[in-house]
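Have a look at the structure below, then the notes.
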Amino acid sequence: MSLRWALIALLTGRPMTGYDISKSFSTSVAHVWHAPDSQIYPELNRMEREGLLTSVEVPWGKKGTKKEYHVTDEGLAAFRAWMESPLVPQRQRDPAYLKAAYFDFADPAAVREQLRQQRSYWEEHLAMLERTRASLVDRSHPTLAARIEKLNQREAELAVRYKIYAYDGLIARARTELAWIDDGFTLVDELDGC
Ligand code: VNL
């Protein structure tokens with residue numbers, strides 16, 4: 001359900017074709033709301049049918065055309081209403097934690113292997129978040145740069161500062177995951193009698 005708000009959030013920056021949405025989503029909004037293309041395209045169709053988005057045909061390639069999606073006034077109003085509605089906390093749902101609580105059912109070698117995989121995922125993810133944060137700070141991120149083009153100085157400042165705040169939270173979480181994974185290695189060694 002939140003996917004539609006994530007898509008409107010992105011489209012408030014500038015109107016985009018489905019293809020552009022898919023591309024810029026993955027390097028921006030996906031960091032706070034991950035969704036595969038297989039969910040994005042049908043959701044865009046639904047949102048258009050419901051009047052949250054409208055589309056115009058734009059030239060594409062030599063002869064073709066593509067739909068470019070725009071947020072409607074109704075879509076923007078619904079997004080603002082959602083933004084101001086109470087936040088529903090998401091309950092814990094992460095296989096890494098489910099597994100950790102039951103590592104006694106797995107061979108220590110398998111546990112270590114999974115910890116190694118998690119560590120490399122989080123190391124890469126953290127590096128990507130830090131790079132993205134830097135591109136928000138210097139305003140070189142293309143999605144952000146297009147968004148702030150049509151904003152005044154104060155509006156641009158708000159748009160940038162809140163995004164950096166979100167990334168600061170994501171980066172802190174990634175660091176906590178890495179520290180927890182290190183604790184996992186220490187614990188398996190201790191319990192495995194190394
Ligand atoms: C935007 C640009 C959002 C860059 C981002 O992450 C980002 C945006 C939430 O302008 O919507 O990394």
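Does Trp122 satisfy the criteria of being surrounded by 12 or more Cβ atoms within 10 Å (Cβ to Cβ), among the aromatic types (Phe, Trp, Tyr) and within 24 Å of Gly13 (Cα to Cα)?
no
Cβ contacts < 8 Å: first residue more than 15 Å from the ligand (Cβ to nearest atom), restricted to the range 151-176; second residue among the aliphatic types (A, V, I, L, M), any location; separation 6+ or different chain. Result?
Correct list of pairs: Arg175/Leu126.
Please list, ordered by residue number, the helices (runs of 4 or more DSSP H) wholly in the range 32-101 having 1 or more residues that are touching a residue at least 24 places away in the same chain (Cβ under 8 Å) and over 30 Å from His125 (Cα atoms).
37-49, 73-84
Which of (1) exposed (fewer than 12 other Cβ atoms within 10 Å of the Cβ); (2) within 16 Å of the ligand (Cβ to nearest atom) does Ser28 not meet, given it meets every other one?
(1)
Report yes if some residue within the range 53-69 is crowded, with 17+ Cβ neighbours inside 10 Å, within 21 Å of Leu87 (Cα to Cα) and among the aliphatic types (A, V, I, L, M); otherwise report no.
No, because not a single residue in the range 53-69 is crowded, with 17+ Cβ neighbours inside 10 Å, within 21 Å of Leu87 (Cα to Cα) and among the aliphatic types (A, V, I, L, M).
Pick out the one residue from Arg154, Arg175, Arg147 that is of a type in the set (D, E, K, R), touching a Gly at 6+ places or on another chain (Cβ under 8 Å) and in a helix (DSSP H, G or I).
Arg147
Looking at the range 109-117, is at least one residue within 16 Å of the ligand (Cβ to nearest atom) and basic (Lys, Arg)?
The first filter runs over the range 109-117 and keeps only residues within 16 Å of the ligand (Cβ to nearest atom), leaving none.
So far as the range 109-117 goes, no, none of its residues is within 16 Å of the ligand (Cβ to nearest atom) and basic (Lys, Arg).
Going through Ile8, Ile40, Ile21 one at a time, which residue ends up being away from the ligand (no atom under 13 Å from the Cβ) and surrounded by 18 or more Cβ atoms within 10 Å (Cβ to Cβ)?
Only one candidate passes the filter, namely Ile40.
Computed from the coordinates by the stated procedures, all read-outs in this text should not be read as laboratory data. Quick caveat: nothing in here was measured; it's all calculated off a predicted structure. Every residue, glycine among them, receives a Cβ derived from its backbone with ideal geometry; neighbour counts consider all protein chains shown.
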